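The values are calculated or read from the model by the stated rules, or taken from the named source; none is laboratory data. Computed from a predicted model, the values in this text were never measured in an experiment. Counting neighbours? That spans all protein chains shown, and the Cβs are built from the backbone with ideal geometry, glycine included. Keep in mind that these areas ignore ligands, DNA and RNA; they rest on the heavy atoms of the full protein, side chains included. Shrake-Rupley method; radii C 1.70, N 1.55, O 1.52, S 1.80 Å.
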Amino acid sequence: MNRIEKVREKVDDILLHMTDSQERRCAYVHLYGVAQACALLAVRRGVEAELAVIAGMLHDLHAYAAMDARDHAPKSAEMARTLLQELDWFREDEIAAVCTAIARHSDKQTVHGPLDEVLKDADVMQHMLYDPLQEGGDSQKSRRARLKEELGVHGVLLS
Ligand SMILES: [Fe+2]
C-alpha cells in the first residue's frame, strides 16, 4: 500500500461514519475531486504530486467530519497533522507542507507557494467541473480566469 492509499483509507474511515448521507456524498465528491484536480495541476506545474493529492483529500475534512464549516481551514490543517503524524509514514517537513497548504486554502485572494496554489486552484477547479453552469463568486473570478487560461479551456461554459 502506498502513502496515498494509506491516507485514503483513513479519509474513507472518517467519511463512512458520517451519518448524513447527503453530506457524505458531497464529501466524497469534493474531497476526491479536489485530490484529482491536485494531481493534474501538480504534475503540470512540477509540484510534488503525492503531497498535493494528500492535501486535496484532507483539505476540508474537519468541515465534513464536524458538519461545521466555521474556521474549517485551520481546523482541517490541525486534523490533517494529527492524522499524518499518527500514520507515521511522513517526514515532519512533508506534514508541515501539507498542513500549511490546507491552512491557507481559504485565502483565495493571496498567492502563496506552489503547493498552496495547487490546492487553492484545485478547490476552485472542482467546483467549476462539478457544475460548469454555475458562476463562481467574485473572490474566485480571477483565479477561475487564470486557470482556464492555463488549461486552454475557452468557451461559454466554465464561466
Ligand atoms: Fe474545498
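Quick notes
- Check on L151, open to solvent by 20 Å² or more (accessible area, probe 1.4 Å), aliphatic (A, V, I, L, M) and out of contact with any strand residue (DSSP E or B) (no Cβ under 9 Å at 6 or more places or on another chain): yes
Residues are listed down the side, and each one gets a yes or a no for (1) in contact (Cβ under 8 Å) with a residue 40 or more places away in the chain; (2) acidic (D, E):
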site	(1), (2)
V98	yes, no
R104	no, no
T110	no, no
P114	yes, no
D123	yes, yes
Q126	yes, no
D131	no, yes
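- Some residue of segment 28-35 being hydrophobic (A, V, I, L, M, F, W, C), closer than 10 Å to L119 by Cα and touching a Gly at 6+ places or on another chain (Cβ under 8 Å): yes
- Condition met for Q140 (open to solvent by less than 50 Å² (accessible area, probe 1.4 Å), part of a helix (DSSP H, G or I), more than 18 Å from A42 (Cβ to Cβ) and within 14 Å of the ligand (Cβ to nearest atom)): yes
- Criterion: surrounded by fewer than 21 Cβ atoms within 10 Å (Cβ to Cβ) and outside any helix (DSSP H, G or I) - qualifying residue of L129, L133: L133
- Any hit, segment 118-129, residues being closer than 20 Å to L31 by Cα, under 11 Å from the mean Cα position of the chain (by Cα) and acidic (D, E): yes
- Which listed residue, of V53, V7, is under 15 Å from the mean Cα position of the chain (by Cα) and more than 17 Å from Q126 (Cα to Cα): V7
- Some residue of segment 52-60 being out of contact with any strand residue (DSSP E or B) (no Cβ under 8 Å at 6 or more places or on another chain) and modelled with pLDDT under 95: no
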